[in-house]
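Note sheet for the following structure.
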């Protein structure tokens, strides 16, 4: 009985991307971004808002609190930073 091995294909996964609001810009080259989601309770069907904060790498540091930004997953930059801001192409 002979075993044949099939070539393994590595499918590139698309990095996760979020849009959120900057809530803090007090650190150097880092901003804290809050991402809000609307969820539906599995049993009662009521909608409720959930939020999560991410520390995002911002090398330019020209962001203000309340600004909407898009950011994507990247390599680990520090202990808590695994995200970087997507520059706007305007």
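We did not get these values from a lab; they are worked out from the coordinates using the rules stated. In this text, all values refer to a predicted model and were calculated from it rather than measured experimentally. All Cβ positions, even for glycine, are placed from backbone atoms using ideal geometry, and neighbour counts span all protein chains on display.
Across all directions, the shadow cast by the convex hull of the range 17-85 built on its C-alpha atoms averages 5.3 square nanometres. Available extension along the chain between residue 48 and residue 60 is 0.8 nm, counting 0.36 nm per residue and deducting the alpha carbon span. Taking label positions 7 Å along the Cα-Cβ direction at both residue 19 and residue 39, the computed distance is 2.2 nm, reported to one decimal. Highest mean packing comes first when the peptides 72-80, 41-49 are listed by Cβ atoms within 10 Å, giving 72-80, 41-49.
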